[in-house]
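FYI, it's all coordinate maths here, none of it is from the lab. Every value quoted in this text rests on a predicted model; they were computed, and no experiment measured them. Backbone-built Cβ (ideal geometry, glycine too); neighbour counts: all protein chains shown.
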Amino acid sequence: MAVLKERSWEKDERPNLLGIKIVDKSIFKNGSTVPLKIAPFFAEANNGYMPERGEKIEIRLLIGDSEYEADLKNINRTGVKSDTFRIRYDGNVELKTLLQKKIIVSYEVFSGLEAQLEDDETEESNNIVGETIEFYKTDKPMNTKLY
């Protein structure tokens, strides 16, 4: 039962849960935008800290027993007054390869539909499979556990 829902993210009352992301094609390319309603849970996990506009902080994504480098960025978008938080791992080939192997159904669907999806950037087209990634708080700030 979702307590909060915004775009392709939701949050329920499970202990240490930061958010649940419905897998879309961006997960396999570079990461995900964290909606403003979900961002406070990430801040709480990081001792109340989130990057200022134009700033990024290094974070670790934990999957199983392995750690993967990523950034949490607050994008300074021209003409946009609100913050835009993004988890990014553009250059982390090892993490992207792992995600392709762990979330195989979504990866196969999005790979097969890549040409079609390039022209169709609607949320509905990006969430067609329904697989999810869960983000959890760890005992160490700037670390997030993924399931």
Which pairs break 25 Å Cα to Cα here: K21/K137; K73/K140; K56/K137; K37/K102?
-> K37/K102
Which net charge results for the neighbourhood of R77, defined as the other residues with beta-carbon distances under 13 angstrom from its beta-carbon, given Lys and Arg at +1 and Asp and Glu at -1?
-> +3
Return the Cα extents of region 4-146 along principal axes one, two and three, sorted largest first, each rounded to a whole Å.
-> 41, 41, 31
Return the distance in nm (one decimal) between the two label points of a simple spin-label model at D12 and V105, each offset 7 Å from Cα along Cα→Cβ.
-> 1.7 nm
Which shape class applies to region 68-114: rounded if a/c is under 1.5, otherwise prolate when a/b exceeds b/c and oblate if not, where a ≥ b ≥ c are the square roots of the Cα gyration tensor eigenvalues?
-> oblate
